[in-house]
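These notes concern the structure reproduced below.
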Amino acid sequence: MLTQNANTGRPAPDRARSSKLYRRGQRVFPAGVTRATIEKDPLPIYLERGEGAYVVDVDGNRLLDLNNNFTTLVHGHGFGPVVEAIGDVLRQGTCFANPMEHEIALAELLVSRIPAVEHVRFVNSGTEAVMYALKAARAFTGRSSIVRFEGAYHGAYDWAEAGQNGVGESGVSGRRLPKLGYTGAPKAIADSVIVLDFNDVSGLEAAIDPIAADIAAILVDPMPSRAGLLHPSTDFVAALTATARKHGILIVADEVLNLRQGFAGASARYGLEPDLVAAGKIIGGGFPIGAIGGRADVMAVFGTDENAPLVSQGGTFSANPVSMIAGRIAMEALTPDAFDRLEDLGDRLRNGLTQAISERGAPFSVSGAASLFRIHPKKEVPATYRSAQMSAQEVAIMRALSRHFLTHGILLPFGAAACLSTPMTAAEMDRVIAVFDDFLAQHEPSDGDKQ
Ligand code: PMP
């Protein structure tokens, strides 16, 4: 049943079943849900199923999915070739203690596409991929500190999550220490994580030079999404590379999200030459996965024919055939043409949104590339985490925007990158632009506010 939205007069979607499920969830889950990232404004929307570019919620509302499980589903929901292949796998067994050909095939695909990847190890999540990449960098260099960039999300490994919410008090050395991931986290973590500003060239060199001998790795997402989907400047990539090479520091590219930026991934796109790459999300075809890839001599810390591993990497479900087969099939369907098509759709969308903003003189901007975009309640596209940070008023505007999209049948993630999937068409892009323009029309600044 559709009720009337009090503000817009449009029919508001019914959420009675979601509301009921949420009440049930509140009895068994802390905060009512099983992931901190579930959006609850005004309440979690429980889904019944997905259909290509769309999801259908338990109240029967059909929504264009610009979230795609936080950018994981590059082919949208229920991708036919994966569904067919997995049906057989389920009957033949879903996990074994022995290796299978499937894992070699997916590794071969990654090695053939990503220039920095010579050898691969599979795990089950992006968190694990980043964790093992950092352990590998430490074992290879014999050093323990990590440099990372403020506000970037790298999963839940203690040393990777320190700094994802910025920096706090100053330490003994005068250095601003990262905020740790959780209350009670060992303070020692902060001593070995150096948080720098993304795109800050001089700050990077100045901070690293005096303590370089302790630094194992620079952990960098080429376009950090949670920090603001920040575009890397060419100078920044060059300075990062030069500083790392000068001091024998390894570059660990976290491409868990941004591998979807191109056939060869995001580092290749932006001229970054990492020693190790952490991957995940799209390479699992909708199933749990993570991968660590990189230079063969560095990857040798996971063991060689002659030597025991310096870093022991296992994992009960690592390289399970479901994720391996689904991942290979999903990735094979991502041909250079498929990437070009996604890029064209992304350009159409970003350009359309930007044009609507400039025509209405609205205080918004759009960042992103390839199949990714993020709308900011800021006149200038942010280049750093600090400049992407929202005031309370800006948060309220973005919440209103997400609700507006929802009312018009579109799921737009709040505070994370939105993304496209291959079943989407130009018509969907134009619809997103029109709905955004409608929001801007309703929130048009008064003449005095325009600049
Ligand atoms: N790194 C980045 C850049 C990510 O976006 C994510 C997940 N959003 C992770 C690491 C962690 O991946 P997972 O959720 O699979 O553990």
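The values are calculated or read from the model by the stated rules, or taken from the named source; none is laboratory data. Since this is a predicted model, take the numbers as computed values, not measurements. As a convention, Cβ positions derive from the backbone with ideal geometry for all residues, glycine included, and neighbour counts pool all protein chains shown. In case anyone asks, the SASA skips ligands and DNA or RNA and just uses the protein heavy atoms, side chains included. Shrake-Rupley method; radii C 1.70, N 1.55, O 1.52, S 1.80 Å.
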Calculate one ³J(HN,Hα) per residue across segment 147-153 by plugging θ = phi - 60° into the Karplus curve 6.51 cos²θ - 1.76 cosθ + 1.60, and present them in order as whole Hz with x for glycine and proline.
9, 9, 10, 4, x, 6, 9
Quick check: pseudo-label points 7 Å beyond the Cα along Cα→Cβ at ASN98 and SER358, how many nm apart are they?
6.2
Treat each spin label as a single point 7 Å out from the Cα along the C-beta direction, and report the ASN69 to LYS187 distance in nm.
4.1
How far apart, in nanometres, would the label points at ARG175 and HIS443 be if each is projected 7 angstrom from Cα along the Cα-to-Cβ direction?
3.9
Counting only the backbone N, which residues of segment 181-225 are under 19 Å from the spot 7 Å out from the Cα of SER144 toward its beta-carbon?
181-182, 184-195, 211-219
Once a ≥ b ≥ c are taken as the square roots of the eigenvalues of the Cα gyration tensor of segment 118-264, is the result rounded (a/c under 1.5), prolate (a/b larger than b/c) or oblate (a/b not larger than b/c)?
rounded
Given contacts defined as C-alpha pairs under 8 Å and at least six residues apart, what's the relative contact order of the chain, whole-number percent?
19
With Rg from the Cα atoms and Rh as the Kirkwood inverse mean 1/r over Cα pairs, segment 80-333 has an Rg/Rh of 0.98
Output wanted: per-residue J couplings in Hz (rounded whole) for segment 247-264, from phi through Karplus 6.51 cos²θ - 1.76 cosθ + 1.60, θ = phi - 60°, x for Gly and Pro.
9, x, 8, 7, 9, 10, 8, 8, 10, 3, 9, 8, 4, 6, 7, x, 4, 9
With r as the distance between the Cβ atoms of GLU48 and ARG399 and R0 = 25 Å, compute the FRET efficiency 1/(1 + (r/R0)^6) and round to 0.05.
0.50
Can you check what the net charge comes to around ALA268, using other residues whose Cβ is under 11 Å from the Cβ of ALA268 (Lys, Arg +1; Asp, Glu -1)?
0
Whole-Hz Karplus couplings 3J(HN,Hα) for segment 430-438, θ = phi - 60° and coefficients 6.51, -1.76, 1.60, Gly and Pro as x, run 5, 5, 4, 4, 5, 5, 5, 4, 4
In segment 194-332, how does Rg compare with the Kirkwood Rh, expressed as the Rg/Rh ratio over alpha carbon atoms?
1.00
Going by average Cβ neighbours within 10 Å, how do the peptides 371-383, 171-183 rank, with the highest at the top?
371-383, 171-183
In percent, what relative contact order does segment 80-333 have, based on Cα pairs under 8 Å that are 6 or more apart in sequence?
29
For the chain, share of DSSP beta bridges that run antiparallel, in % to the nearest 5
65
If each DSSP helix of 4+ residues adds -39,500 (n - 2.57) and the sum is divided by the residues in the chain, what number results at 222 nm, nearest 500 deg cm²/dmol?
-11500 deg cm²/dmol
Kindly rank 192-200, 357-365 from highest to lowest mean number of other beta carbons found within 10 Å of each residue.
192-200, 357-365
Keeping all protein chains in place, calculate the accessible area per residue for the chain (probe 1.4 angstrom), answer in Å².
44
What are the residues whose amide H is under 5 Å from the amide H of LEU73, where those residues sit 5 or more places off or on another chain and H is modelled from the backbone?
none
re the chain: pairs of Cα atoms spaced beyond 43 Å account for a percent value of 14
Sorted on mean Cβ neighbours within 10 Å (highest first), peptides 386-394, 277-285, 148-156 come out as 277-285, 148-156, 386-394
Residues meeting the amide H criterion for LEU177 (H placed from the backbone, H to H distance under 5 Å, 5 or more places apart or on another chain) are GLY168, GLU169, SER170, GLY171
Mean separation of Cα contacts under 8 Å (6+ apart) over length of segment 50-125, as relative contact order %
20
Under 11 Å, Cβ to Cβ, from ALA278 - net charge with Lys/Arg +1 and Asp/Glu -1
-2
